[in-house]
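Here the structure comes first, spelled out in structure tokens, and everything after it is commentary.
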Amino acid sequence: MEYIKLDIKKAEQFLKAGAVAGFESKVKAAQEALENGTCEGSDFLGWLHLPSETTEDFLDEVQSVANTLREKCEVVVVAGIGGSYLGARAVIEALGNSFAWLVNDKKNPTILFAGNNIGEDYLFELTEYLKDKKFGVINISKSGTTTETALAFRLLKKQCENQRGKAEAKDVIVAVTDAKKGAARTCADKEGYKSFVIPDNVGGRFSVLTPVGLLPIAIAGFDIKAIVKGAQDMEKATGKDVAFADNIAAQYAATRQALYTQADKKIEIIANFQPKLHFMAEWWKQLYGESEGKNNKGIFPAACDFTTDLHSMGQWIQEGERSIFETVLSVENTNHHVEFPSDDENLDGLNFLAGKRVDEVNKMAELGTQLAHVDGGVPNIRISIPKLNEYYLGQLIYFFEVACGISGLLEEVNPFNQPGVEAYKKNMFALLNKPGYEAESKAIQERLAQ
């Protein structure tokens, strides 16, 4: 099997000679700190060796529960927010039929997502859609009290029980939650739901290789053993004993930090020329934004879908403020073959493309964009993925995770906490007069009255 590849040459040309190599000792120190658990956030390093510690028996258990929901459900709704849904959605969207929701696929349940917003219209439309469907629910939350997810789950639980009866609903509602505590754990134990544990030492954004991601992916019909195998192989390829020059995670982390600290590049745009990778970029945004954006520091993670966004963001990227660099996800081989046809009248002037594959045109658009952006002053990193399948997505997920851990430590922040996320929740609870927030509610009301 091949590996995903990293090309940093078109980023290094914006740096002084040896700038990336100059991070080698710091990278090694970061890797040692991760391996030895001596870094900040060491209580949340369970993801580091999660691939190699995942057993066949455990994956068989996940697959068995997935098979039950596949047999009993037309639709499965994943209730979760942030890392509790983005990883699963990224893989399902990357591997699935882009028009699956129209195809009426009898083999695989439709996977829908809720609990990631507080949109009343969204929830109304979802519950209306489910009225004549045999549906199940995966409730993903460590605490069970995350507002967005808990709200959606309460609605879905009640609807599922009303439509299928409480006894049958029990077999199609699954909890992925804390081992011992929290509202979701209490509910699962009381109702008798099948449940899986989110390990205490794995944060949400690093949890895609736990049942958080693996269960929905298996229900969608994809090979979770191949995903884990890809991650296992990437774990070996990016370990602390791998030479710096050969370790693509170390190289990516060092290049990002060199561009940030030495070339004043504050924004990283992850771009893809494969629309199926849209949600992989969304998962990446959370992984890096929540891990690095602390202490008034951090590269801002943004995402674009090319060539689509070249017709909206292309002008800014080409000639706007030179505070950006790009990381391009490039898929080397597509899963299907489509050729441009010839047309006798040639009114669109495209007969010069007749007989060419669509992907050949896309690849030339990718290369042309890279050359134009580099000429316009945008450093460019390229990550090549041999093919969109479970094995290579497993590699990509683990690659980004370990590179994120290294990069955050190079930045001298704790990559594994997210204290800033609590600020909006505190204000929201106070405004909603949640019990226990009386003092905060009074303070906010006084503030608003000024």
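The values are calculated or read from the model by the stated rules, or taken from the named source; none is laboratory data. Please read these numbers as outputs of a predicted model, since none were measured by experiment. All Cβ positions, glycine included, derive from the backbone under ideal geometry; neighbour counts span all protein chains shown. Only protein heavy atoms, including side chains, enter the accessible area calculation; ligands, DNA and RNA are left aside. Shrake-Rupley method; radii C 1.70, N 1.55, O 1.52, S 1.80 Å.
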Return the total of residues in the stretch 414-450 being hydrophobic (A, V, I, L, M, F, W, C), touching a Ser or Thr at 6+ places or on another chain (Cβ under 8 Å) and closer than 30 Å to THR38 by Cα. 1
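Residues in the stretch 158-173: is at least one farther than 30 Å from THR334 by Cβ and within 20 Å of the chain's Cα centre (by Cα)?
Checked the stretch 158-173: no residue is farther than 30 Å from THR334 by Cβ and within 20 Å of the chain's Cα centre (by Cα).
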Listing of helices (runs of 4 or more DSSP H) fully contained in the stretch 358-442 that carry 1 or more residues being under 16 Å from the mean Cα position of the chain (by Cα) and within 30 Å of GLN274 (Cβ to Cβ): 390-410
Take PHE222 and decide whether it is part of a loop (DSSP other than H, G, I, E, B), hydrophobic (A, V, I, L, M, F, W, C) and under 21 Å from GLY96 (Cβ atoms). yes
Would you be able to say whether some residue in the stretch 53-68 is within 22 Å of ASN414 (Cα to Cα) and either open to solvent by 50 Å² or more (accessible area, probe 1.4 Å) or part of a helix (DSSP H, G or I) (or both)? no
Inter-residue pairs, beta-carbon under 6 Å, first in the same structural domain as VAL78 (by the TED database) and in the stretch 192-206, second among the aromatic types (Phe, Trp, Tyr) and surrounded by fewer than 18 Cβ atoms within 10 Å (Cβ to Cβ), 6+ apart: none
Of GLU71, GLU53, GLU61, the only residue that is closer than 15 Å to SER207 by Cα, over 19 Å from the mean Cα position of the chain (by Cα) and of a type in the set (Asp, Glu) is GLU53
Of the residues that sit in the stretch 381-425 and are among the basic types (Lys, Arg) and assigned by the TED database to the domain that holds MET280, which one is surrounded by the most Cβ atoms within 10 Å (Cβ to Cβ)? ARG382
Helices (runs of 4 or more DSSP H) wholly in the stretch 69-132 with at least 2 residues that are in contact with a helix residue (DSSP H, G or I) (Cβ under 6 Å, 6 or more places away or on another chain), touching a residue at least 24 places away in the same chain (Cβ under 8 Å) and crowded, with 21+ Cβ neighbours inside 10 Å - which ones? 86-95
Specify which of the listed residues (LYS142, LYS157) is open to solvent by 20 Å² or more (accessible area, probe 1.4 Å), in the same structural domain as GLN63 (by the TED database) and not in a helix (DSSP H, G or I). LYS142
Odd one out for GLN163 among (1) farther than 17 Å from VAL176 by Cβ; (2) modelled with pLDDT under 95: (2)
Of (1) open to solvent by 50 Å² or more (accessible area, probe 1.4 Å); (2) modelled with pLDDT of 95 or more; (3) assigned by the TED database to the domain that holds GLU74, THR186 fails just (2)
Considering only residues that are in a helix (DSSP H, G or I), open to solvent by 20 Å² or more (accessible area, probe 1.4 Å) and touching a strand residue (DSSP E or B) at 6+ places or on another chain (Cβ under 6 Å), which ones fall in the stretch 276-302? HIS278, LYS285, GLY289
